[in-house]
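Down below is the structure, laid out as structure tokens.
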């Protein structure tokens, strides 16, 4: 188990971008049949196993995610974010994450680099500690574990 300084909050924020609320029914051949709630439960269990609490927020609105990132600056040690389509153009999310002093893990169920060419550019990756992509639902556990290991 990773020890954290006593002043580091033992909280992780999991953020889910647009259309992820449709997981389980949206393109199951790409994203699988697990729902967002299923993935959040996996992430919550992974965090709890390491002594962390996990908070989750999903939004289809860029500004709401920016607000959540800004609010996490003094309350969370790490952010795991699956920005969905915002990955490719949401510079406001990039800037908010750049102002976050903790660990940032970019997460994608599929591997954007093996899909359409417009998915190959991430504006989140340059401000992320690391990325977990292409491991399906297991990525949620892997992202939480990577975040905790990086704190």
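The values are calculated or read from the model by the stated rules, or taken from the named source; none is laboratory data. Just so we're clear, the structure is a prediction, and the values are computed from it rather than from any experiment. Because the Cβ atoms are built from the backbone with ideal geometry, glycine has one as well, and the counts that use them run over all protein chains shown.
Some notes on this structure:
- The residues in region 32-56 that are modelled with pLDDT under 95 and surrounded by fewer than 16 Cβ atoms within 10 Å (Cβ to Cβ) can be counted, and the count is 1.
- Of the residues in region 105-113, not one is surrounded by 21 or more Cβ atoms within 10 Å (Cβ to Cβ), in contact (Cβ under 8 Å) with a residue 60 or more places away in the chain and within 22 Å of residue 51 (Cα to Cα).
- Among the residues of region 108-115, at least one is outside any loop (DSSP other than H, G, I, E, B) and either within 23 Å of residue 71 (Cβ to Cβ) or within 14 Å of the chain's Cα centre (by Cα) (or both).
- Residue 38, sole failed condition from (1) within 22 Å of residue 122 (Cα to Cα); (2) out of contact with any helix residue (DSSP H, G or I) (no Cβ under 8 Å at 6 or more places or on another chain): (1)
- Taking the listed residues 147, 96, the one that is assigned to a helix (DSSP H, G or I) and within 20 Å of residue 40 (Cα to Cα) is 147, with no other qualifying.
- Residue 111 farther than 16 Å from residue 129 by Cβ and in contact with a helix residue (DSSP H, G or I) (Cβ under 8 Å, 6 or more places away or on another chain): no
- Any chance residue 139 is touching a strand residue (DSSP E or B) at 6+ places or on another chain (Cβ under 7 Å), at pLDDT 95 or above and under 26 Å from residue 32 (Cα atoms): yes
- Residue match in region 72-85 (condition: within 12 Å of the chain's Cα centre (by Cα), farther than 22 Å from residue 11 by Cα and part of a helix (DSSP H, G or I)): yes
- Considering region 19-31, and only residues there that are outside any loop (DSSP other than H, G, I, E, B) and at pLDDT below 90, the residue that is nearest to the chain's Cα centre (by Cα) turns out to be 31.
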